[in-house]
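Enquirer: First, the structure itself, so that you have it in front of you.
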Amino acid sequence: MTMQKKTAHQIASVLTEALPYIQRFKNKVIVVKFGGNAMIDEALKHSFARDIVLMKLVGLHPIVIHGGGPQIGGMLTKLGKTTRFIDGMRVTDSETMQVVEMVLGGLVNKEIVHLINRHGGKAVGLTGKDGHFIRAKKMPLKKETIDSVTGELIDLGYVGEVSAIDVNVLDMLSQGDFIPVIAPIGVGDDGHSYNINADLVAGKIAEALNAEKLILLTNTAGILDKQGELLTGLSLSDIDALIEDGTISQGMIPKTRCATDALKGGVTSVHIIDGRVEHAVLLELFTDQGVGTLLLNR
């Protein structure tokens with residue numbers, strides 16, 4: 001069947017619109033944090049995998065960091081273990097940490113690797129313990145971790161933050177034919193494993209690699225104004241003002257803080273995009289309009 005002229009013109013327009021972006025980002029590192037609905041919905045998982053494979057094929061160097069909170073919670077429930085959260089952070093004792101490693105480093109990581117490879121990529125799964133390339137330290141106790149009933153400080157256990165990134169392993173893989181897929185588990189000087197927020201790990205890896213872009217997939221359209229309209233082209237001062245006036249609030253605050261830290265650390269741009277949209281990564285990278293919020297260091 002011959003393609004209709006109108007359809008052919010639309011396809012050609014899309015391809016020619018993508019060309020200058022492909023040329024601009026060739027050989028650049030693009031760090032993508034994979035999370036939210038995109039990790040659960042089957043169609044979205046496959047569209048994400050195809051996006052990553054295409055990025056690699058046209059000369060970009062994608063690096064994927066993934067979360068897995070719902071999967072960890074589901075496994076803990078199956079094991080009959082209750083979970084407590086403080087300011088969005090899972091209190092992680094040694095038994096919980098074993099489950100985190102099993103789910104993130106095993107089940108979730110290998111599923112993503114399989115999906116990318118199934119669509120023609122060469123993905124390699126890692127945790128930060130491989131080569132000790134994510135060095136971690138215990139997250140310090142803050143006033144927010146005080147129990148409102150007892151007034152005592154709550155030890156979050158094996159919840160960590162990044163102290164250093166060794167880029168040698170990532171450089172070796174990403175500059176070759178491979179796509180690193182990273183579970184956000186680090187290792188401390190004490191030899192213990194630490195569970196680290198995936199957004200934070202993605203930001204620190206992007207900084208360490210001087211990435212062209214950091215892309216954070218979310219379950220919202222991006223950063224919205226008080227009327228629910230999408231905001232984009234935001235500067236660091238814009239972000240500070242939006243947090244101060246309450247436009248950016250709750251769970252979006254740590255994500256935007258991660259974004260601004262990455263920009264200050266040398267990442268060219270950060271994108272907070274809607275992971276509920278099929279092929280959201282490609283649409284944000286290779287089209288004029290995009291599908292989320294663009295943040296720039298200016």
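Enquirer: Report yes if some residue within the range 145-155 is modelled with pLDDT under 95, in contact with a Phe, Trp or Tyr (Cβ under 9 Å, 6 or more places away or on another chain), over 23 Å from Val270 (Cα atoms) and open to solvent by 40 Å² or more (accessible area, probe 1.4 Å); otherwise report no. Before you say what the answer is, go through the steps one by one.
Expert: Step one: of the range 145-155, the residues modelled with pLDDT under 95 are 145-155.
Among the residues that remain, those that are also in contact with a Phe, Trp or Tyr (Cβ under 9 Å, 6 or more places away or on another chain) are: none.
Taking every residue of the range 145-155 in turn, none turns out to be modelled with pLDDT under 95, in contact with a Phe, Trp or Tyr (Cβ under 9 Å, 6 or more places away or on another chain), over 23 Å from Val270 (Cα atoms) and open to solvent by 40 Å² or more (accessible area, probe 1.4 Å).
Enquirer: If you don't mind, another one. Which of the following residues is over 16 Å from Ala183 (Cα atoms), open to solvent by less than 20 Å² (accessible area, probe 1.4 Å), without any contact (Cβ under 8 Å) to a residue 60 or more places away in the chain and not in a strand (DSSP E or B): Gly59, Gly121, Gly80?
Expert: Values: Gly121 fails: without any contact (Cβ under 8 Å) to a residue 60 or more places away in the chain; Gly80 fails: open to solvent by less than 20 Å² (accessible area, probe 1.4 Å).
Checking each option against the conditions leaves just Gly59.
Enquirer: Hey, among the residues in the range 24-43 that are touching a strand residue (DSSP E or B) at 6+ places or on another chain (Cβ under 9 Å) and open to solvent by 10 Å² or more (accessible area, probe 1.4 Å), which one's nearest to Cys258 (Cα to Cα)? I'd like the intermediate steps shown before the answer.
Expert: If we filter the range 24-43 for residues that are touching a strand residue (DSSP E or B) at 6+ places or on another chain (Cβ under 9 Å), which is where we start, we get 25, 27-39.
With the extra rule that they be open to solvent by 10 Å² or more (accessible area, probe 1.4 Å), the set shrinks to 27-29, 33, 36-37, 39.
On the way: Asn27: 24, Lys28: 21, Val29: 18, Lys33: 12, Gly36: 17, Asn37: 20, Met39: 20 Å.
Checked the range 24-43; the qualifying residue nearest to Cys258 (Cα to Cα) is Lys33.
Enquirer: Right, here's the next one. Scan the range 58-101 for residues that are within 19 Å of Pro254 (Cα to Cα) and of a type in the set (Val, Ile, Thr) and report the count.
Expert: Total satisfying the criteria: 3.
Enquirer: Could you check how many residues of the range 152-180 are under 30 Å from Phe85 (Cβ atoms), in contact (Cβ under 8 Å) with a residue 40 or more places away in the chain and assigned to a strand (DSSP E or B)?
Expert: Result for the range 152-180: 5.
Enquirer: OK, next. Restricting the search to the range 66-91, which residues are of a type in the set (Ser, Thr, Tyr) and either under 20 Å from the mean Cα position of the chain (by Cα) or under 24 Å from Asn37 (Cβ atoms) (or both)? So that I can check it myself, show each step before the final result.
Expert: Within the range 66-91, the subset of a type in the set (Ser, Thr, Tyr) is 77, 82-83.
Selection gives Thr77, Thr83.
Enquirer: Does at least one position in the range 130-137 carry a residue that is modelled with pLDDT of 70 or more, open to solvent by 80 Å² or more (accessible area, probe 1.4 Å) and assigned to a loop (DSSP other than H, G, I, E, B)? Give the derivation first.
Expert: Taking the range 130-137 as the starting set, the residues that turn out to be modelled with pLDDT of 70 or more are 130-137.
After this cut, where a residue has to be open to solvent by 80 Å² or more (accessible area, probe 1.4 Å) as well, the list is 132, 137.
Filter again for assigned to a loop (DSSP other than H, G, I, E, B), leaving none.
Checked against the condition, which is being modelled with pLDDT of 70 or more, open to solvent by 80 Å² or more (accessible area, probe 1.4 Å) and assigned to a loop (DSSP other than H, G, I, E, B), the range 130-137 yields no hits at all.
Enquirer: Here's another thing I want to ask about it. Any residue that is of a type in the set (Lys, Arg) and open to solvent by less than 50 Å² (accessible area, probe 1.4 Å) - is there at least one of those in the range 210-217? I'd like the intermediate steps shown before the answer.
Expert: The initial filter retains those residues of the range 210-217 that are of a type in the set (Lys, Arg), namely 213.
Of the ones still in play, those that are also open to solvent by less than 50 Å² (accessible area, probe 1.4 Å) are 213.
Yes: one or more hits.
Enquirer: Same structure again: What are the residue pairs meeting all of these: first residue in the range 232-244, first residue more than 16 Å from Ala221 (Cα to Cα), second residue buried (at least 16 other Cβ atoms within 10 Å of the Cβ) and not acidic (Asp, Glu), Cβ atoms under 6 Å, and 6 or more apart or on different chains?
Expert: Partner pairs satisfying both residue conditions: Leu236/Thr260; Ile239/Thr256; Ile239/Thr260; Leu242/Ile248.
Enquirer: I'd like to check which helices (runs of 4 or more DSSP H) are fully inside the range 225-298 and have at least 1 residues that are of a type in the set (Phe, Trp, Tyr) and under 20 Å from Met55 (Cα atoms). Steps first, answer last, please.
Expert: Details: elements: 236-244, 252-264, 280-286.
Counting at least 1 such residues, we get 280-286.
Enquirer: Could I ask something else about it? Condition (residue is in contact with a helix residue (DSSP H, G or I) (Cβ under 7 Å, 6 or more places away or on another chain), surrounded by 16 or more Cβ atoms within 10 Å (Cβ to Cβ) and under 21 Å from Arg276 (Cα atoms)) applied to the range 84-94: is it met by at least one residue?
Expert: No, because not a single residue in the range 84-94 is in contact with a helix residue (DSSP H, G or I) (Cβ under 7 Å, 6 or more places away or on another chain), surrounded by 16 or more Cβ atoms within 10 Å (Cβ to Cβ) and under 21 Å from Arg276 (Cα atoms).
Enquirer: Follow-up question, since we're still on this one. Exactly one of (1) at pLDDT below 90; (2) more than 20 Å from Asp41 (Cβ to Cβ) is unmet by Gly251. Its number?
Expert: (2)
The values are calculated or read from the model by the stated rules, or taken from the named source; none is laboratory data. These numbers come from a predicted model, not from an experiment. Please note: Cβ atoms are built from the backbone with ideal geometry, for glycine as well, and neighbour counts cover all protein chains shown. Remember, those area values only see protein heavy atoms, side chains included, never the ligands or the DNA or RNA. Shrake-Rupley method; radii C 1.70, N 1.55, O 1.52, S 1.80 Å.
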